[in-house]
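Undergrad: Mind looking over this structure? Questions follow.
The values are calculated or read from the model by the stated rules, or taken from the named source; none is laboratory data. Bear in mind that the values here come from a model prediction, so they are computed numbers and not experimental data. Heads up, the Cβs are rebuilt from the backbone with ideal geometry, glycines too, and the neighbour counts pull from every protein chain shown.
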Amino acid sequence: MRYRFFAVLGAVVLMTLTSIGCDSESEESIVDNTNFTATGDFHHTVQAANRTTLRVEGINGEVKVRAVANAGSVVIAGERRVKSDSFSDASDFLRQVTVVVTESGDEIVARTEQPNNPGGRECVVDYEITVPKDLLVDVRHINGAVSLQEFESSAYVDLINGTLAAEIDLPPSGTIDMTVINGTLLLEIPATTSASVAAGVTNGELFVSNLDFVNRQSSERSLTATLGSADGNIRLSVINGTLMLRGVGS
């Protein structure tokens, strides 16, 4: 089984040193409570023509991605929030918490940016994203919940702390590759899915239900098996927590 543990840690280090640091040398004032909240919405629409991948790089908050039939664009929307010891300070700091959307080649990238040291403030960015059903999605998130709904494409997710829930109808030759370091991973796939499967938990529990495997080799915390004729690939890893793989439908 291919674990992406070190890749995840490398991504965290990279984002800490670069993307989340708007000004790594500045020192923010320290606040003594987070009783006041400032919020701001964001909304970006990117045409999906000639794009194959959406990559999302989050820090704190929820990332919800829903696949939509016949969609011609990617819509990246949501809310930014800062909690601080005054509404004025929260509003001022909110200007430094942004969502940057860029396009490069066949890829669309949505990235959270904020100062390295928020000085005790709570910074959260919640994403609500819709994509075409055939678009590959790659989510790299640090703290919070990630959900993928009604997918019919390949999906890659690295989550450090939180809960990952995904509904994916894997296409032939598609790939699902998901890692949660601390938390819960739930993947629901059609019971008729055709794929090779490798799932493992280092510390925690593994639950598998309503799937008809062949060539199954399993233990309390690991599973290697085949579904159907193994047209696609499913790789699931939880380091500390719970992994659930569930077949849906007949």
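Undergrad: Working only within the stretch 145-183, note down all residues that are of a type in the set (Val, Ile, Thr) and closer than 17 Å to Val68 by Cβ. Show your work before the answer.
TA: Applying the first criterion (of a type in the set (Val, Ile, Thr)) to the stretch 145-183 yields 146, 157, 160, 163, 168, 175-176, 179-181.
Listed by number, the list holds a single entry, Ile168.
Undergrad: Follow-up. Would you tally the residues in the stretch 28-79 being surrounded by fewer than 18 Cβ atoms within 10 Å (Cβ to Cβ), charged (D, E, K, R) and touching a His at 6+ places or on another chain (Cβ under 9 Å)?
TA: Count: 0.
Undergrad: I want to confirm something. Restricting to the stretch 59-117 and keeping residues that are among the hydroxyl-bearing types (Ser, Thr, Tyr) and closer than 30 Å to Glu150 by Cα, which single residue is nearest to the chain's Cα centre (by Cα)?
TA: Of the stretch 59-117, the ones among the hydroxyl-bearing types (Ser, Thr, Tyr) are 73, 84, 86, 88, 91, 98, 102, 104, 112.
Then keep just the ones that are closer than 30 Å to Glu150 by Cα; that gives 73, 98, 102, 104, 112.
Working: Ser73: 20, Thr98: 18, Thr102: 18, Ser104: 20, Thr112: 13 Å.
Per the stated criteria, the residue is Thr112.
Undergrad: Exactly one of these conditions fails for Val99: (1) among the β-branched types (Val, Ile, Thr); (2) in contact with a Ser or Thr (Cβ under 8 Å, 6 or more places away or on another chain); (3) under 21 Å from Asp158 (Cα atoms); (4) surrounded by fewer than 16 Cβ atoms within 10 Å (Cβ to Cβ). Give me its number.
TA: Among (1) among the β-branched types (Val, Ile, Thr); (2) in contact with a Ser or Thr (Cβ under 8 Å, 6 or more places away or on another chain); (3) under 21 Å from Asp158 (Cα atoms); (4) surrounded by fewer than 16 Cβ atoms within 10 Å (Cβ to Cβ), Val99 violates only (4).
Undergrad: Given the conditions (1) over 24 Å from Lys133 (Cβ atoms); (2) at pLDDT 95 or above; (3) not charged (D, E, K, R), which single one is not true for Val12?
TA: Just one mismatch for Val12, condition (2).
Residue-by-condition table, conditions (1) over 20 Å from Gly249 (Cβ atoms); (2) without any contact (Cβ under 8 Å) to a residue 60 or more places away in the chain; (3) β-branched (Val, Ile, Thr); (4) buried (at least 21 other Cβ atoms within 10 Å of the Cβ):
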site	(1), (2), (3), (4)
Leu148	no, no, no, yes
Leu170	no, no, no, yes
Met178	yes, yes, no, yes
Gly183	yes, yes, no, yes
Val197	no, yes, yes, yes
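Undergrad: Give the residues of the stretch 154-194 that are in a strand (DSSP E or B) and at positive phi, sorted by residue number. Please lay out each step first, then the result.
TA: The initial filter retains those residues of the stretch 154-194 that are in a strand (DSSP E or B), namely 155-168, 175-190.
Those that are in a strand (DSSP E or B) and at positive phi: Gly162, Gly183.
Undergrad: Then there's this: Could you tell me whether the stretch 187-198 includes any residue that is more than 14 Å from the chain's Cα centre (by Cα) and either at pLDDT below 95 or under 21 Å from Glu62 (Cβ atoms) (or both)?
TA: Our first condition is that a residue be more than 14 Å from the chain's Cα centre (by Cα); within the stretch 187-198, this holds for 188-198.
Checking which are either at pLDDT below 95 or under 21 Å from Glu62 (Cβ atoms) (or both) leaves us with 188.
Yes, the stretch 187-198 contains at least one residue that is more than 14 Å from the chain's Cα centre (by Cα) and either at pLDDT below 95 or under 21 Å from Glu62 (Cβ atoms) (or both).
Undergrad: Identify all residues within the stretch 199-212 that are surrounded by fewer than 16 Cβ atoms within 10 Å (Cβ to Cβ) and assigned to a strand (DSSP E or B); write none if there are none. Can you show your working first?
TA: In the first step, residues of the stretch 199-212 are kept if they are surrounded by fewer than 16 Cβ atoms within 10 Å (Cβ to Cβ); the result is 202-203, 205, 207, 209-210, 212.
The answer is Thr202, Asn203, Glu205, Phe207, Ser209.
Undergrad: In the stretch 63-86, how many residues are acidic (Asp, Glu), in a strand (DSSP E or B) and either touching a Gly at 6+ places or on another chain (Cβ under 6 Å) or farther than 19 Å from Ile142 by Cα (or both)? I'd like the intermediate steps shown before the answer.
TA: Step one: list which residues in the stretch 63-86 are acidic (Asp, Glu), which gives 79, 85.
Those left that are additionally in a strand (DSSP E or B): 79.
After this cut, where a residue has to be either touching a Gly at 6+ places or on another chain (Cβ under 6 Å) or farther than 19 Å from Ile142 by Cα (or both) as well, the list is none.
Number satisfying all stated conditions: 0.
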